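Colleague: This structure is in structure tokens; I'll ask about it shortly.
The values are calculated or read from the model by the stated rules, or taken from the named source; none is laboratory data. Only a predicted model underlies this, so the values are computations on that prediction, with no experimental measurement involved. A quick note on method: Cβ atoms are made from the backbone with ideal geometry, for glycine too, and the neighbour counts reach across all protein chains shown. With ligands, DNA and RNA removed, areas are computed over all heavy atoms of the protein, side chains included. Shrake-Rupley method; radii C 1.70, N 1.55, O 1.52, S 1.80 Å.
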Amino acid sequence: MAGNLEHHIQNTVLQAAKVVEDQVDSELDRLERMTTDEMEELREKRMEQLKKYEQQKREWLHKGHGQYNEVPGDKEFFAETRDSPRLVCHFYRDSTFRCKIVDKHLTILAPKHVETKFLKVNAERCHFLIEKLNVRVLPTILLVKDGKFVDRIIGFDDLGGHDEFSTEMMEWRIARCGVINYSGDLSVPPGQAAKKSNTTILKKSIRSRRDLDDDDDSEDSD
């Protein structure tokens, strides 16, 4: 039975490797068929894309992106929403310990996501803003896209419900409304994605083993 299971696993691995090999061969074949002019055109398009991104990045940095800065007052906040299409704004209070936890994570994320501006607002200095935006619980993070408030993160309930959540969890939660660029799986939180993958592999292994056991039983019955 153990031998059959090992053989089954080897066949599965070989099949997966064959699929990858075929994909690589197909891509290499496509590249080999490209003419010199086509390759030069492809390279120029890529260079143009990189130039545009670098120019956009310089504009973002000039506007204060890449940093986690504080907004001194109400007027400045609304000016920031007009200046940058994507905004992450943390409403805090110095005496609230959990606000410092948010500060730690947003300080890490700001330079990573220069496409978005990261700000903080002292709730005790901006009473009009607090009332206008209906901020009742601290910390609260407001998420802005194209000048509209698209979402808010209130406390830590959406971040696992505890103080020890990861920066990746904060990043995933902010990304769910499209305020930052995100390359991961938005359907599940970062930690749960790995657990889901491991559980799937375990279930498949158990199912394969049961199938092999059934085959052995059938052979014995003969």
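Colleague: For the structure I just gave you, tell me whether VAL114 is open to solvent by less than 40 Å² (accessible area, probe 1.4 Å), assigned to a loop (DSSP other than H, G, I, E, B) and either under 19 Å from VAL71 (Cβ atoms) or modelled with pLDDT of 95 or more (or both).
Modeller: Answer is yes for this residue.
Colleague: Next question, about the same structure. Looking at ARG98, ARG136, which one is among the charged types (D, E, K, R), in a helix (DSSP H, G or I), more than 17 Å from the chain's Cα centre (by Cα) and surrounded by fewer than 21 Cβ atoms within 10 Å (Cβ to Cβ)? Let's see the steps before the verdict.
Modeller: Details: ARG136 fails: in a helix (DSSP H, G or I).
None of the others qualify; the one that does is ARG98.
Colleague: VAL179 - would you say it is of a type in the set (Val, Ile, Thr), buried (at least 18 other Cβ atoms within 10 Å of the Cβ) and under 16 Å from the mean Cα position of the chain (by Cα)?
Modeller: Values: of a type in the set (Val, Ile, Thr): yes; buried (at least 18 other Cβ atoms within 10 Å of the Cβ): yes; under 16 Å from the mean Cα position of the chain (by Cα): yes.
Yes: the conditions hold for VAL179.
Colleague: While we're looking at this one, here's another question. Take the conditions among the aromatic types (Phe, Trp, Tyr), under 17 Å from the mean Cα position of the chain (by Cα) and not in a helix (DSSP H, G or I) and apply them to PHE91. Does it pass?
Modeller: For PHE91, the condition - among the aromatic types (Phe, Trp, Tyr), under 17 Å from the mean Cα position of the chain (by Cα) and not in a helix (DSSP H, G or I) - is not met.
Colleague: I would also like to ask the following. Does LEU143 satisfy the criteria of being closer than 16 Å to VAL88 by Cβ, touching a residue at least 12 places away in the same chain (Cβ under 8 Å), assigned to a loop (DSSP other than H, G, I, E, B) and not polar (S, T, N, Q)?
Modeller: no
Colleague: Does the stretch 118-129 contain at least one residue that is modelled with pLDDT of 95 or more, surrounded by fewer than 17 Cβ atoms within 10 Å (Cβ to Cβ) and in contact with a Leu (Cβ under 9 Å, 6 or more places away or on another chain)?
Modeller: No - not one qualifying residue is present in the stretch 118-129.
Colleague: Same structure, new question: So, in the stretch 139-167, of the ones that are more than 17 Å from the chain's Cα centre (by Cα) and acidic (Asp, Glu), which residue ends up least open to solvent (accessible area, probe 1.4 Å)?
Modeller: ASP163
Colleague: Go through the stretch 70-85 residue by residue and tally those that are open to solvent by less than 60 Å² (accessible area, probe 1.4 Å), in a helix (DSSP H, G or I) and either within 17 Å of ASP146 (Cα to Cα) or touching an Asp or Glu at 6+ places or on another chain (Cβ under 7 Å) (or both).
Modeller: Of all residues in the stretch 70-85, those open to solvent by less than 60 Å² (accessible area, probe 1.4 Å) come to 71, 73-74, 77, 79-81, 84.
If we keep only those that are in a helix (DSSP H, G or I) too, we end up with 74, 77, 79-81.
Imposing the further condition that a residue be either within 17 Å of ASP146 (Cα to Cα) or touching an Asp or Glu at 6+ places or on another chain (Cβ under 7 Å) (or both) reduces the set to 77, 79-81.
Number satisfying all stated conditions: 4.
Colleague: Scan the stretch 81-105 for residues that are under 23 Å from TYR53 (Cα atoms) and of a type outside the set (Lys, Arg) and jot them down.
Modeller: THR81, ASP83, SER84, PRO85, LEU87, VAL88
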